[in-house]
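Participant: Here it is, the structure, as structure tokens.
The values are calculated or read from the model by the stated rules, or taken from the named source; none is laboratory data. Note that the coordinates shown come from a computational prediction; the quantities given were computed from them, not determined experimentally. Cβ placement follows ideal geometry from the backbone for every residue including glycine, while neighbour counts extend to all protein chains displayed.
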Amino acid sequence: DPKAALANFARIAPDLVILDIKMPGLTGFEVLRKLRATSQVPVVFLTSRDDEIDELEGLRQGGDDFLKKPYSSNLLLARIEAILRRSQPARDDQLISFKGLELDGQAMTCRWLGERISLTVTECLIMMTLAQRPGSVLTREQLIHDAYEDDDYIDPRAVDSHIKRIRQKFRDVDPKFDGITSLYGVGYRLDLS
């Protein structure tokens, strides 16, 4: 249901969106236009239509790739991985600054209200991931993926321990800090409002 997906888009904050041209209620092109009004999330079109005009239209409107059905699942996965590689910002040149929070991805430093917060590299990467999508709930798996080079053997509950330490370090500087909230059973959100 495209309308329900659009309603949940901001809350879920996906890394990539897959659309079909023909969907009930809205076309894939209409969904893409609505997404592009607020986001540059990568979009892959899948379609059974064999019309070059549709492919051109999808790409011109901001789609990132286009696959015709039937398609190879291996090919789809390879294209998704390539798009995600290109769409991920380089970690080492990120500077994030808003609402009293300053993060430097190159120096791996963090400041809150002008005061330095001494975070480990993993804690800093978790904060960078949360700060890139403020207000969005990110799952433990999303945080692990961005914070660990090799995330195959990381227990998702390890994120809970990191978040607990991050919160405490922020509260050492600002006892009223409550900017990292949890959504039980789902994940964590950075909310500095």
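Participant: Can you tell me which residue is farthest from residue 171 (Cα to Cα) among those in the range 96-115 that are touching a residue at least 12 places away in the same chain (Cβ under 8 Å) and out of contact with any Gly (no Cβ under 9 Å at 6 or more places or on another chain)?
Facilitator: 106
Participant: Is it true that residue 19 is in contact (Cβ under 8 Å) with a residue 24 or more places away in the chain and part of a loop (DSSP other than H, G, I, E, B)? I'd like the intermediate steps shown before the answer.
Facilitator: Working: in contact (Cβ under 8 Å) with a residue 24 or more places away in the chain: yes; part of a loop (DSSP other than H, G, I, E, B): no.
Against the criterion (in contact (Cβ under 8 Å) with a residue 24 or more places away in the chain and part of a loop (DSSP other than H, G, I, E, B)), residue 19 does not qualify.
Participant: Taking residue 57 as the residue in question, decide whether it is closer than 21 Å to residue 169 by Cα, among the acidic types (Asp, Glu) and either modelled with pLDDT of 90 or more or not assigned by TED's automatic domain parsing to the domain that holds residue 178 (or both). Don't jump to the end; show me each part of the working.
Facilitator: Values: closer than 21 Å to residue 169 by Cα: no; among the acidic types (Asp, Glu): yes; either modelled with pLDDT of 90 or more or not assigned by TED's automatic domain parsing to the domain that holds residue 178 (or both): yes.
So residue 57 fails the test.
Participant: In the list 117, 166, 154, 144, which residue meets the criterion of being under 28 Å from residue 8 (Cβ atoms) and modelled with pLDDT of 90 or more? Break it down stepwise before answering.
Facilitator: On the way: 117 fails: under 28 Å from residue 8 (Cβ atoms); 154 fails: modelled with pLDDT of 90 or more; 144 fails: modelled with pLDDT of 90 or more.
Just a single option satisfies the conditions, and that option is 166.
Participant: Tell me whether the range 6-16 contains one or more residues that are over 25 Å from residue 187 (Cα atoms), at pLDDT 85 or above and among the aliphatic types (A, V, I, L, M).
Facilitator: Just the residues of the range 6-16 that are over 25 Å from residue 187 (Cα atoms), to begin with: none.
No, every residue in the range 6-16 fails to be over 25 Å from residue 187 (Cα atoms), at pLDDT 85 or above and among the aliphatic types (A, V, I, L, M).
Participant: Condition test on residue 54, is it farther than 24 Å from residue 189 by Cα and either β-branched (Val, Ile, Thr) or outside any helix (DSSP H, G or I) (or both)?
Facilitator: Details: farther than 24 Å from residue 189 by Cα: yes; either β-branched (Val, Ile, Thr) or outside any helix (DSSP H, G or I) (or both): no.
The answer is no for residue 54.
Participant: Is it the case that residue 122 is surrounded by 13 or more Cβ atoms within 10 Å (Cβ to Cβ), farther than 21 Å from residue 13 by Cα, in contact with a helix residue (DSSP H, G or I) (Cβ under 7 Å, 6 or more places away or on another chain) and without any contact (Cβ under 8 Å) to a residue 60 or more places away in the chain?
Facilitator: Values: surrounded by 13 or more Cβ atoms within 10 Å (Cβ to Cβ): yes; farther than 21 Å from residue 13 by Cα: yes; in contact with a helix residue (DSSP H, G or I) (Cβ under 7 Å, 6 or more places away or on another chain): yes; without any contact (Cβ under 8 Å) to a residue 60 or more places away in the chain: yes.
Spelling it out, residue 122 is indeed surrounded by 13 or more Cβ atoms within 10 Å (Cβ to Cβ), farther than 21 Å from residue 13 by Cα, in contact with a helix residue (DSSP H, G or I) (Cβ under 7 Å, 6 or more places away or on another chain) and without any contact (Cβ under 8 Å) to a residue 60 or more places away in the chain.
Participant: Further question on the same structure: Scan the range 22-44 for residues that are touching a strand residue (DSSP E or B) at 6+ places or on another chain (Cβ under 9 Å), in a loop (DSSP other than H, G, I, E, B) and of a type in the set (A, V, I, L, M) and report the count.
Facilitator: The total comes to 1.
Participant: Return the residues of the range 138-176 that are surrounded by fewer than 19 Cβ atoms within 10 Å (Cβ to Cβ) and in contact (Cβ under 8 Å) with a residue 60 or more places away in the chain; say none if nothing qualifies.
Facilitator: 173, 174
Participant: Assess whether residue 37 counts as being surrounded by 15 or more Cβ atoms within 10 Å (Cβ to Cβ), over 22 Å from residue 82 (Cα atoms) and not aromatic (Phe, Trp, Tyr).
Facilitator: On the way: surrounded by 15 or more Cβ atoms within 10 Å (Cβ to Cβ): no; over 22 Å from residue 82 (Cα atoms): yes; not aromatic (Phe, Trp, Tyr): yes.
Here the answer is no, as residue 37 does not meet what is asked.
Participant: Is it the case that the range 49-57 has a residue that's at positive phi and surrounded by 17 or more Cβ atoms within 10 Å (Cβ to Cβ)? Full working, then the answer.
Facilitator: Here is the first cut: in the range 49-57, the ones at positive phi are none.
No: zero hits.
Participant: Confirm whether residue 77 is surrounded by 11 or more Cβ atoms within 10 Å (Cβ to Cβ) and not hydroxyl-bearing (Ser, Thr, Tyr). Full working, then the answer.
Facilitator: On the way: surrounded by 11 or more Cβ atoms within 10 Å (Cβ to Cβ): no; not hydroxyl-bearing (Ser, Thr, Tyr): yes.
The answer is no for residue 77.
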